[in-house]
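K.L.:
Below is the structure I would like to discuss, written out as structure tokens.
Read-outs throughout are calculated quantities, based only on the coordinates presented, and are distinct from any laboratory measurement. Keep in mind it's a predicted model, so treat the numbers as computed, not measured. Glycine gets a Cβ as well: all are built from the backbone with ideal geometry, and neighbour counts include every protein chain shown.
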Amino acid sequence: MVRGFLFIAGWLVLTVIAAQAQSASTQQVPPPDEQNETMRDTLKRMQIKREEEDHKKLLSKGFQIKQDVESLLKDAANERLPRSSEKRLKEIEKSAKNIRSQFGGSEDVELESPPKNLDETLKQLTETTAQLNDRLAKTSRQVISIQVVESCTDIIQLVKMLRTYLN
């Protein structure tokens, strides 16, 4: 008889706990429409964050190009660049191509007025790099800028010209 009483009491306790758990779980789970909207909002926020991070990377690549160009200016001597500058030239070209492709550009176009010597080439590269950084700073993550593409294309062409001045 005691066993029967304990069995019934245990069964009642389990039934009450199961009923409370079920009612609590139905209260915590939003309806399917709200789940879909919440999921869409979360995915949208994630996409925006990813785009902002990508834009910051582009800005830092533009700044890195500027630093590499300044280093090239210091290395230039007697109308020549040291062979060690080849690595910087590759990095500048790679970053410029990456930025250009992110903004929708892909074709190399010859310079309208190519510089005639190393000093002019470095001066034009410095000016174009400054323009690129200004233009990148003015763009948002949602903008495609033809001016950025043109600046990157000019930088790539100038880097190709600088390779002719390597020792």
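K.L.:
LYS123 versus VAL143, label points 7 Å from Cα toward the beta carbon: distance in nm?
P.N.:
For LYS123 paired with VAL143, the spin-label model returns 3.0 nm.
K.L.:
How do 119-131, 39-51 rank on mean C-beta neighbours within 10 Å, highest first? All intermediate terms of the calculation are to be shown ahead of the outcome.
P.N.:
Numbers: 119-131: 17.7, 39-51: 10.5.
Going from most to least packed, we get 119-131, 39-51.
K.L.:
Taking the highest mean first, how do the peptides 52-63, 153-164 order by number of other beta carbon atoms within 10 angstrom per residue? Display every interim value, and only then the final one.
P.N.:
Working: 52-63: 14.9, 153-164: 19.3.
Highest mean packing first, the order is 153-164, 52-63.
K.L.:
What residues qualify as long-range amide H neighbours of LEU81, i.e. H under 5 Å apart, gap of 5 or more or another chain, H built at 1.01 Å from N?
P.N.:
Residues meeting the amide H criterion: LEU166, ASN167.
K.L.:
Let me ask something else. When the scattering of the stretch 36-165 is computed by the Debye formula from its Cα atoms alone, each counted once and equally, what is log10 I(q)/I(0) at q = 0.09, 0.12, 0.22 Å⁻¹?
P.N.:
-0.30, -0.48, -1.25
K.L.:
Taking 0.36 nm per intervening residue step and subtracting the Cα-Cα distance, what contour gain separates GLU53 from LYS87 on full extension?
P.N.:
On the way: separation 34, 0.36 × 34 = 12.24 nm, distance 2.65 nm.
So the extension gain works out to 9.6 nm.
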